[in-house]
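The values are calculated or read from the model by the stated rules, or taken from the named source; none is laboratory data. Note that the coordinates shown come from a computational prediction; the quantities given were computed from them, not determined experimentally. We place every Cβ from the backbone using ideal geometry, glycine too, and count neighbours over all the protein chains shown.
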Ligand SMILES: NC(=O)c1ccc[n+]([C@@H]2O[C@H](COP(=O)([O-])OP(=O)(O)OC[C@H]3O[C@@H](n4cnc5c(N)ncnc54)[C@H](O)[C@@H]3O)[C@@H](O)[C@H]2O)c1
């Protein structure tokens, strides 16, 4: 099947590479000629590295590179069986583009979006034949991250879902199917990793370095929340939080933090600006954590209970199965364990107890335990 990818930025270039590596011919379209050249150069550099590491032969590398056609002409998508859109995260722009796209492709072409935060139903809303719209959500970097969330909209025909799932699986990806709800699985369930860490900081319980130390050293996460937010960018991470909060009709569980907002406003985006929660300038000394194991354990217990509560909520609200939620968090954001599995190891009564303690201390809806935990429903 000929694959079209719209947008040759971070995600589009990666998705095009994945498709080409899996034997497809790919049409990669971007309005910006320079971006296309950049994507082509980047792929050539990646291939050189892979040849050096003997992960790909010279021949295969040439085939992969030759399989991608770089173009600024949208109508070049005409013979495609699937087009994956990965342009700017703006609904008005996506609407315009999907309307154009539908005019140039065949009636049987699947139209997918890689959006992280917009509803697939809203994107499909402008299509005349909306039963072929679907979300195919890759993680960054697309060639390396195994997870892909596939999101059927209310308009999506079952056959389109089946085709998308089997195609993306054939690319060696771990596929999870989820409901068209804000943040899908990963960007919803992961919110407390950042939000509760920020809240702990704001209450003066611990500083950034101590929270990061606790979550990595005791919690076993690859990166602490503040290091990770600095890596993702506080501008991007704050925007995702704000959009999920708004999309959930201001559910207090997703409330953004003033600390992150102020960091964003100050231009303290993180690594990319040289300053975030930490200072990345040359010679800067990173703050040392307070290695208090009792405090550290309390921090981990609290953030983990909130993450588990969110995982249960995603299952409770039928966003995805328990198995899919665990796969999503381990394969999409490298959590050391699936959250549902983790809850069973710790004991769901213990998680409920932690949440109820927080709920009664704060009296805030943010800490309400999910009914599955409250009623001891075994997943
Ligand atoms: N960056 C991530 O970590 C990430 C992860 C998952 C999903 N996403 C989603 O993927 C999409 C793309 O994100 P990105 O980070 O790759 O963005 P990006 O800014 O790196 O790239 C977007 C590209 O789209 C091009 N573009 C813009 N308007 C266009 C148009 N009308 N026609 C053709 N090309 C156009 C731009 O020139 C640019 O090259 C967004 O919807 C985003 O939410 C991003």
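Observations
- Evaluated against (1) assigned to a helix (DSSP H, G or I); (2) more than 16 Å from the ligand (Cβ to nearest atom); (3) without any contact (Cβ under 8 Å) to a residue 60 or more places away in the chain, residue 204 falls short on exactly one condition, (1).
- Only one of the listed residues (104, 56, 83) is touching a residue at least 60 places away in the same chain (Cβ under 8 Å), surrounded by 13 or more Cβ atoms within 10 Å (Cβ to Cβ) and farther than 28 Å from residue 190 by Cα. That residue is 83.
- Residues being under 22 Å from residue 244 (Cα atoms) and outside any loop (DSSP other than H, G, I, E, B) - total across segment 126-149: 9
- Subset tally (residues that are over 29 Å from the mean Cα position of the chain (by Cα) and farther than 21 Å from residue 339 by Cβ) for segment 350-364: 4
- Residue in segment 289-296 that is without any contact (Cβ under 8 Å) to a residue 12 or more places away in the chain and either in a loop (DSSP other than H, G, I, E, B) or under 16 Å from residue 178 (Cα atoms) (or both) present: no
- Filter pass, residue 351 being free of Cβ contacts under 8 Å to residues at least 40 places away in the same chain, over 22 Å from residue 237 (Cα atoms) and in a helix (DSSP H, G or I): no
- Any hit, segment 1-21, residues being within 16 Å of the ligand (Cβ to nearest atom), in a loop (DSSP other than H, G, I, E, B) and touching a helix residue (DSSP H, G or I) at 6+ places or on another chain (Cβ under 7 Å): yes
- Some residue of segment 66-81 being near the ligand (Cβ under 9 Å from one of its atoms) and either closer than 22 Å to residue 138 by Cβ or assigned by TED's automatic domain parsing to the domain that holds residue 143 (or both): yes
Quick grid of which residues meet (1) within 16 Å of the ligand (Cβ to nearest atom); (2) surrounded by fewer than 17 Cβ atoms within 10 Å (Cβ to Cβ); (3) closer than 26 Å to residue 355 by Cβ:
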position: 226; (1), (2), (3): no, no, yes
position: 230; (1), (2), (3): yes, no, no
position: 234; (1), (2), (3): yes, no, no
position: 238; (1), (2), (3): yes, no, yes
position: 243; (1), (2), (3): yes, no, yes
position: 250; (1), (2), (3): no, yes, yes
position: 254; (1), (2), (3): no, no, yes
position: 262; (1), (2), (3): no, yes, no
position: 266; (1), (2), (3): no, yes, no
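- Selection status of residue 195, buried (at least 22 other Cβ atoms within 10 Å of the Cβ) and at negative phi: yes
- Search result, residues across segment 87-125 that are in a loop (DSSP other than H, G, I, E, B) and within 14 Å of the ligand (Cβ to nearest atom): 87, 88, 89, 90, 114, 115, 116, 117, 118, 119
- Qualifying residue in segment 154-162 (condition: at pLDDT 95 or above, in a helix (DSSP H, G or I), within 21 Å of residue 8 (Cβ to Cβ) and in the same structural domain as residue 35 (by TED's automatic domain parsing)): no
- Among the conditions (1) at pLDDT below 95; (2) in a loop (DSSP other than H, G, I, E, B), the only one that residue 172 does not satisfy is (1).
- Cβ-Cβ under 6 Å pairs, at least 6 apart or on other chains, segment 112-129 side in contact (Cβ under 8 Å) with a residue 24 or more places away in the chain, far side part of a loop (DSSP other than H, G, I, E, B) and within 13 Å of the ligand (Cβ to nearest atom): 114/86
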